[in-house]
Amino acid sequence: MSTVEHLGRGPLGREELAAVVARDIPRGAFVNLGIGQPTTVADHLPADSGVILHTENGMLGMGPAAKGDEVDPDLINAGKLPVTELPGASYFHHADSFAMMRGGHLDVCVLGAYQVSRRGDLANWHTGAPDAIPAVGGAMDLAIGAKQVFVMMTLFAKDGTAKLVPECTYPLTGLACVSRLYTDQAIFHLGPDGVTVAETYGIGFDELAARLEVPVRRG
Amino acid sequence: MTAILTDPDEALAGVEDGSTVLIGGFGMAGMPVTLIDALIRQGAKDLTVVSNNAGNGDTGLAALLAAGRVRKMICSFPRQSDSWVFDGLYRAGEIELEVVPQGTLAERMRAAGAGIGAFYCPTGAGTPLAEGKETRTIDGRDHVLEYPIKGDVALIAAHAGDRLGNLVYRKTARNFGPVMATAAALTIAQVSHVVEVGDLDPETVVTPCVYVDRILDTKAGEAA
């Protein structure tokens, strides 16, 4: 494997990024998609993927968003939006739902992030701002529970600083838990040996490496 | 013996000041709104409320908070687009907040209901939510010691209940209901349908009647 550089194009758009994450989810996997952008990954899974979606509020076999007559106030996702059930779905209470997560029974979860560190620490629940009301939801349970944690985010903040950092400065969600980082400019694999760049989009490896404080290797 | 009631105020009788009240629901799914409204009328104050969120809009739990009856909120996700009542109280320093990871919140109540004294849990290890808590390394992984959350009262919503108190739920409205039912000294369930003993398939009962003290028949209330 070597780094694939997609040049002669710009960075990935939001939908393109969701499609790339969907591409890398193994067939038949049990998957939890976090609130917000990760939820859109579901729209890009092939019809025959066999992927079974888990929602933290007690369901396996979650289907697409409910429309019109399908809307049922008793059937919502983690973002509290109405969804549908697929054949073979099941319901369970909250302690079981999180036991499923914490017990390592989910193959992949996809989360957003403020920062990811070189060793896979995740910060995605709290900015640490003094007036911010802390709210963690299921983020910490997912971060340490799923067999693989995929994070999707923009690589650079609005001020141009990288969100892949040597050490997280925001409050942590979980330690050494992120296995893959999907960004608009590059896809990173994280492990005990450090950070490797699997793909770049609209930027070459050398320029990317020069813009990061975290040492990265060609994949 | 489970009491089957049609009057919400009777269902809430006896809740004391200073109680810990477990309130089911995730968003509005499974939210026992009729019981919460009755708790507001009942008047108990200085409450500790345990619920996943800290109220939405101006009704239900948000109305209980707005009435100034809650001293402390224990929840996983207080901040939402429509949690302005809680946000205002919190910023004014008028309510205490204990944020607990969602799975740990559920498991702490499960432990209370199951007679577990405490448990080591990997969630939150190394994060600000583990500060001040005992941590132990088990099989090479850090775990945080977590204690049960026991309720004086649980308010939950279920789809149907029989006259013995057995409950079934509907879709994702199940959420915290079955766990909270086990974790409180007094469990009160509002149900959309009361059925006769024997009408529920025993194989499908989710909350066995031993956990349920009072059932409020919300359909009967509508008809009256």
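Below is a table of values for the structure above.
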| quantity | calculated |
| --- | --- |
| Degrees, to the nearest 10: A:14-23 long Cα axis against longest axis of chain A | 80 degrees |
| Net +/- balance of residues flanking residue A:129 in space, Cβ distance below 15 Å, scoring K and R +1, D and E -1 | 0 |
| Antiparallel bridge percentage (DSSP; both residues within the range B:89-187; nearest 5) | 75 percent |
| 10 Å Cβ shell holding at most 14 others, DSSP loop, trypsin sites (Lys or Arg not before Pro): longest site-free stretch of chain A | A:68-146 |
| Residue A:47/residue A:218 FRET efficiency (R0 30 Å; Cβ-Cβ; nearest 0.05) | 0.30 |
| Relative contact order of the range A:24-92, defined on C-alpha pairs under 8 angstrom at six or more residues apart (%) | 29 percent |
| ³J(HN,Hα) computed for each position of the range A:58-66 - Karplus, 6.51 cos²θ - 1.76 cosθ + 1.60, integer Hz, glycine/proline x | x, 8, 10, x, 5, x, x, 3, 7 |
| Considering only chain B, percent of DSSP beta bridges that pair antiparallel, nearest 5 | 25 percent |
| Karplus (6.51, -1.76, 1.60) ³J(HN,Hα), θ = phi - 60°, over the range B:72-89, in Hz, Gly and Pro reported as x | 9, 10, 10, 7, 9, 9, x, 7, 9, 5, 10, 9, 5, 5, 4, 3, x, 5 |
| Other-chain or far-sequence residues with amide H under 5 Å of residue A:165's (modelled H) | A:116, A:117, A:118 |
| Whichever aspartates and glutamates have a C-alpha closer than 13 Å to that of residue B:133, once near sequence neighbours (fewer than 8 apart) are set aside | B:142, B:146 |
| Net charge dipole size for chain B [Lys, Arg +1 and Asp, Glu -1 on Cβ; Debye, nearest 20] | 420 debye |
| DSSP beta bridge pairing in chain A, given as percent antiparallel to the nearest 5 | 50 percent |
| Theoretical gain in end-to-end length, residue B:71 to residue B:58 [0.36 nm per residue, Cα-Cα removed] | 2.9 nm |
| Förster-model FRET efficiency, 30 Å R0, residue A:158 and residue A:81, C-beta, rounded to 0.05 | 0.65 |
| Inter-site label distance for residue B:81 and residue B:185 at 7 Å from Cα along Cβ, in nm | 4.1 nm |
| Inter-probe distance in nm under a simple model that places probes 7 Å from Cα toward Cβ, at residue A:65 and residue A:207 | 3.4 nm |
| Whole-Hz ³J(HN,Hα) from phi, Karplus 6.51 cos²θ - 1.76 cosθ + 1.60, for the range A:90-107, glycine and proline x | 9, 10, 7, 7, 4, 5, 5, 4, 7, 5, 4, 6, 5, x, x, 8, 9, 6 |
| Per residue accessible area of the protein assembly as shown, 1.4 Å probe, in Å² | 41 Å² |
| At least 10 Å² accessible surface lost relative to isolated chain, residues of the range B:162-177 (1.4 Å probe) | B:170, B:171, B:172, B:173, B:174, B:175, B:176 |
| Environment charge at residue B:5 (Cβ cut-off 12 Å; Lys +1, Arg +1, Asp -1, Glu -1) | -3 |
| Counted charge near residue A:100, where neighbours are those whose Cβ lies closer than 11 Å (Asp, Glu -1; Lys, Arg +1) | -2 |
| Those GluC sites (Glu not before Pro) in the range B:34-128 that DSSP places in a loop and that have at most 13 other beta carbons within 10 Å | B:94 |
| The range A:64-219 - percent relative contact order, Cα under 8 Å, separation 6 or more | 20 percent |
| Placed amide H near residue B:96: partners under 5 Å, 5+ positions off or other chain | B:72, B:73 |
| Of A:80/B:171; A:147/B:171; A:67/B:171; B:45/B:150, those spanning more than 23 Å from alpha-carbon to alpha-carbon | A:147/B:171 |
| Nearby aspartates and glutamates by direct alpha-carbon distance to residue A:163 (threshold 19 angstrom, same-chain neighbours under 8 apart not counted) | A:121, A:184, A:199, A:206, A:207, A:213 |
| Heavy-atom accessible surface that A and B bury in contact, both chains counted, 1.4 Å, Å² to 100 | 3300 Å² |
| Prolate/oblate/rounded label for chain B (Cα gyration tensor, a/c 1.5) | oblate |
| Estimated FRET transfer efficiency when R0 is 25 angstrom, pair residue B:7-residue B:118 (beta carbons, to 0.05) | 0.05 |
| The range B:144-193 versus the range A:122-161: alpha-carbon centroid distance in Å | 31 Å |
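The values are calculated or read from the model by the stated rules, or taken from the named source; none is laboratory data. Because the structure is predicted, anything quoted here is derived from the model rather than measured. Quick reminder, even Gly has a Cβ in these numbers, built from the backbone with ideal geometry, and neighbours come from all protein chains shown. Protein only, heavy atoms only, side chains kept; ligands, DNA and RNA dropped before computing areas. Shrake-Rupley method; radii C 1.70, N 1.55, O 1.52, S 1.80 Å.
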